[in-house]
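Trainee: This is the structure I want to talk about, given as structure tokens.
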Amino acid sequence: MRTPVHHHFIPFVAITSAALLLTACGAGDGGTGGTDAAGVAAEAAAVPTEDVVSAERKDGAAARLLPAGTTGLTVAVSVGGTPPGTAYLSDGTTLTGQDVDFTKAVARVLGLRLKVEQASFEAILPALDSGKYDVGASNFGVTDERRRTIDFVTYINDGQGFAARKDSGLSKITDLRQLCGLNVATAAGTTFEATLEAHRHVCADAGRKAYRVQTYSEPSAIWSSLQQGRSDIVMSTINGLRYAVAHQRGLKFLNEYHRLDVGFAFKKGTRLAPAFQAAVNRLIKDGTYDRILKKWGTTGSAIHESRINPPELKN
């Protein structure tokens, strides 16, 4: 952690405008399952823009839990392209998403200024240990493996799920052996990739052809792969999948597979955790928390209180 960080508050603006391309969740030629320009435009128009954060005020008791002299923090975010994950609005500069709203709301409660830096999802957690960033805010699931090297302060409950094209014969996935012989698209450096890799042996154990894990750094590439038939199924966040299915034609949500708490991520041994926990609990108490979830259609991910480093949820 670097304290104090003397930056003016940055309201989540773009580092590069090129990342605007990530807001298109799949470009096709209009063929079966493709996403045409009209579909992309309709999806962009559906991104909610209601301000549910700016009315939040500093809480002195929570702010006093910060390490002495802390006035600002460097926050790393990964642009996800598909709300409720972090995405750009049509202006190409303004970041939006559920994690953005929660981070801005916590910063207001604690009276902090933020320097926001964009990074690839898989790069953020290792960079916390080096001190490059103070906080990671990109829907990081809390797992026992991650807790060995990262501290977490929870703010929602999300997890792992599956989606496929509507013409797929796939249904509820309760056993990864159901994926044998299929191409599974997912994001690089995620719990989804880790789960798939850790259980890759189940197909060989059953005498069946292994599934193929296809990893992508950009979510738009994941959906293009599915829509264009290069992948058979997508494994991603429950909330992200539900949003994508609601806003892209030709897709279906299969099921929740494994629920996980989601939290702000910090270097192990951070002194920031108690303040962030108090700030999230303040948001829950004063109603801002519910307003953020309602904005993004994720009320099913609500938690009753924030926790520091809870054990991984087990199905």
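No lab work stands behind these numbers, since they all come straight from the coordinates. What you see is a predicted model; the values in this text were computed from it and never measured. A quick note on method: Cβ atoms are made from the backbone with ideal geometry, for glycine too, and the neighbour counts reach across all protein chains shown.
Trainee: Pop out the ³J(HN,Hα) list for region 86-93 in order, Karplus 6.51 cos²θ - 1.76 cosθ + 1.60 with θ = phi - 60°, rounded to Hz; leave Gly and Pro as x.
Mentor: 6, 9, 9, 6, 5, 6, x, 10
Trainee: Per q in 0.12, 0.18, 0.23 1/Å, what log10 I(q)/I(0) does a Debye calculation on the alpha-carbon atoms of region 137-195 return?
Mentor: -0.40, -0.79, -1.08
Trainee: In whole Å, what are the extents of region 69-197 along the principal axes defined by its C-alpha atoms, from largest to smallest?
Mentor: Largest to smallest, the principal-axis extents are 56, 38, 22 Å.
Trainee: May I ask which of Lys104/Lys132; Lys172/Lys295; Lys115/Lys285 have a Cα-Cα span longer than 23 Å here? Before the final figure, lay out the partial values.
Mentor: On the way: Lys104/Lys132 20 Å; Lys172/Lys295 28 Å; Lys115/Lys285 27 Å.
Exceeds cut-off: Lys172/Lys295; Lys115/Lys285.
Trainee: Moving on to the next point. Just for region 160-259, what percent of DSSP beta bridges are antiparallel, to the closest 5? Could you put the intermediate results ahead of the total?
Mentor: Details: 10 of 17 bridges.
Beta bridges within region 160-259, antiparallel portion: roughly 60 percent.
Trainee: Give me the distance in nm between label points sitting 7 Å out from Cα along the Cα-to-Cβ direction at Arg57 and Lys209, one decimal.
Mentor: Inter-label distance under the simple model: 6.4 nm.
Trainee: No solvent, one uniform scatterer per C-alpha: report log10 I(q)/I(0) for region 251-306 via the Debye equation at q = 0.16, 0.20, 0.25 1/Å, two decimals.
Mentor: The computed values of log10 I(q)/I(0) come out as -0.64, -0.88, -1.09.
Trainee: Rounded to the nearest whole Å³, what is the per residue volume of the convex hull around the Cα atoms of region 160-259? Kindly include the intermediate steps, with their values, before the conclusion.
Mentor: Details: hull volume 8.5 nm³, N = 100.
Expressed per residue, the convex hull around the Cα atoms of region 160-259 is 85 Å³.
Trainee: Here is a further query. Just want the answer: with Cβ charges of +1 for Lys and Arg and -1 for Asp and Glu, which residue in Gly189, Ser168, His201 is farthest toward the dipole's positive end in region 160-259?
Mentor: Ser168
Trainee: Then there is this: So for the pair Ser217, Lys294, with labels modelled 7 Å out along Cα→Cβ, what separation do we get in nm?
Mentor: 4.0 nm
Trainee: Whole number please: convex hull volume per residue of the Cα set in region 192-315, in Å³? Before the final figure, lay out the partial values.
Mentor: Working: hull volume 18.5 nm³, N = 124.
Dividing the Cα hull volume of region 192-315 by its residue count gives 149 Å³.
Trainee: Listed highest first by mean packing, meaning other Cβ atoms within 10 Å per residue, what order do 105-112, 217-224, 47-54, 269-276 come in?
Mentor: Working: 105-112: 23.8, 217-224: 22.2, 47-54: 14.4, 269-276: 19.8.
Ranking the peptides 105-112, 217-224, 47-54, 269-276 by packing returns 105-112, 217-224, 269-276, 47-54.
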